[in-house]
Amino acid sequence: MSYEYLNTRLHFMIVKLLKPAQYEQFLELRDLGDLISALAETDYGPDLERHAVEHAEYPLVEAALMHNVQRHFNKLWSMAFADARPLVRILLERFEVFNLKTILRGFHAGTDPAETARGLFPTILYPTSFYQELLKRDGIGGVIDYLLTVGNRYYKPLAESYPSYEANHKLAVLESAVDSYYFAGSRRVLQAVGDENAVAVRRTLGTEVDLLNLVYALRVVEEGVESEERYRYILDGGERLSRAFIEELIGSPDKASFFRKLDGTEYASRAGGFEDTLGVGEFQERLENYLYQEMCRYDPGRTFDIHMASVYVWRKYVEMTDLRVIASGLWRRVPREEIERKMIWVKGVTPERAVAA
Amino acid sequence: MSRKTAIQIAAAVVLFNVLLVGLAIRAWAQAATAPAGGLTDAGLKTVGAGLAFLGGAIGTGVAQSRIIAAVLGAVAEDRSQLGFGIFLMAFPETLVILGFVMAFILR
């Protein structure tokens, strides 16, 4: 098996991730210049140095962060051979899906492409130029045409759902199509691999499916959608919640009933329960927080399986996101409380104090 | 460079094992000159000695295959781990040595 080699290297890479004390130190800094100096002393030093001629201030931090994440993900990709490779691909492809959805959301809302670009996560399976080209399109139709031109496989689900999007102008149609395609394709690969590592990755994906379905269900209940169309966008492959249960949630007459049904599930107990007045935004935030805690938690008993690669990928995502928030906050001179509010807090990864806050 | 060194060390360990097995086979071949007509006590002892050695060698092989992969990973990330890595790689050799000693006693 290839996991001894991969996981030993990953262990060293995890050790090099930022420590909670370093986040604390960054949050106490007064401006972006101080942050750049502090980051230069970390693993981000070579990346900052590389881009220092080309960029300055926030664009420098952004370029260094992008380069650093791509450098490490490329390293992970090159280290993962044999059985581990298709599983690592599934873990990394999640960010390609995230970026595609961000671009679709940007065009749907008419956001400035430069602003959308700032929300993209660094990826390695598709080149950066691919996303730059997508952002140059004139709309969602243009994005789909470009995907067809370059032979990208996400063309298929988007082309199939686009007429429906044009008819009702609901973004959920496209998002659900992309998600379904990714999850179904991943499940097929995992089934072919078929070992205990594939099961571990399937559980990770299943948890994400559950959370996406829950957010979707609450949105449907909140918006009072009555048509049968509402059941169409439920994703298959949930880990703990069946399709029938999600349908039952969607059929709830109001939010109070929705949360009552959800009460017995593990998600409700792990998230500390939900109030009846909770809006979709807050609900999604709490579920995402649960997801980050689960995915970043390292189980020392699982030294020789895919778990460590999964933990690394998620922790790197959290680190990149938090550094972006801190850098952007310091650059725009946002109060510390505001920065802290936007950060992702994960037990054992970020400072303990803030986890409780 | 560091990976190359680690591979060289791994190759040396494998060569050492092959030499050890070769020596053992030669010694047993000399001892096991069984008379015509079936198994003798001496023959059974030789088979037992062979099995004792075989068990130790298989155990060493299994342990080393995993340890060497992990050490290669550690040395690729941090060259200063090489010394400790060599110790870890050599550690399972105790199994084959114990097997060898047991085989020797049985003879």
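Quick notes on this structure:
- Region A:224-242 and region A:128-148 have their alpha-carbon centroids 29 Å apart.
- Cα gyration tensor shape of the protein assembly as shown, rounded if a/c is under 1.5, else prolate or oblate by comparing a/b with b/c: prolate
- Residue of A:G206, A:G141, A:G110 that the Gaussian network model of chain A assigns the largest fluctuation, springs spanning Cα pairs under 10 Å: A:G110
- Residues whose amide H falls under 5 Å from that of A:I344, counting only those 5 or more places apart or on a different chain, are A:D322, with hydrogens built in the peptide plane.
- Simple Cβ-charge dipole of chain A, Lys/Arg +1 and Asp/Glu -1, about Cα centre, in debye nearest 20: 680 debye
- Residue order for A:K156, A:K316 - accessible surface, 1.4 angstrom probe, largest first: A:K156, A:K316
- Separation of alpha-carbon centers, region A:74-107 and region A:1-39, rounded to whole Å: 21 Å
- Among A:F107, A:Y181, A:L120 - extreme Cα towards positive end, dipole of region A:85-193, charges at beta-carbon: A:Y181
- Heavy atoms of A:L174 accessible to a 1.4 Å probe, total area in Å² rounded to 10: 0 Å²
- The share of accessible area on region A:85-193 that comes from carbon and sulfur is 52 percent, using a 1.4 angstrom probe.
- Per-residue Karplus couplings for region A:267-272, computed as 6.51 cos²θ - 1.76 cosθ + 1.60 with θ equal to phi - 60°, are listed in order as 4, 5, 5, 6, 8, x Hz, Gly and Pro entered as x.
- Buried area at the B-A interface (accessible, heavy atoms, 1.4 Å probe, summed, Å²): 900 Å²
- C-alpha center-to-center spacing [region B:52-100, region A:200-214] in angstrom: 39 Å
- For A:K101, the lysines whose Cα falls under 29 Å of its own Cα, not counting residues fewer than eight places away in the same chain, are A:K75, A:K136, A:K156, A:K170, A:K255, A:K316, A:K342, A:K347.
The values are calculated or read from the model by the stated rules, or taken from the named source; none is laboratory data. What you see is a predicted model; the values in this text were computed from it and never measured. So basically every Cβ, Gly included, is an ideal-geometry build from the backbone, and we count neighbours across all protein chains shown. Quick note on the areas: whole protein, heavy atoms, side chains included, nothing else; ligands and nucleic acids left out. Shrake-Rupley method; radii C 1.70, N 1.55, O 1.52, S 1.80 Å.
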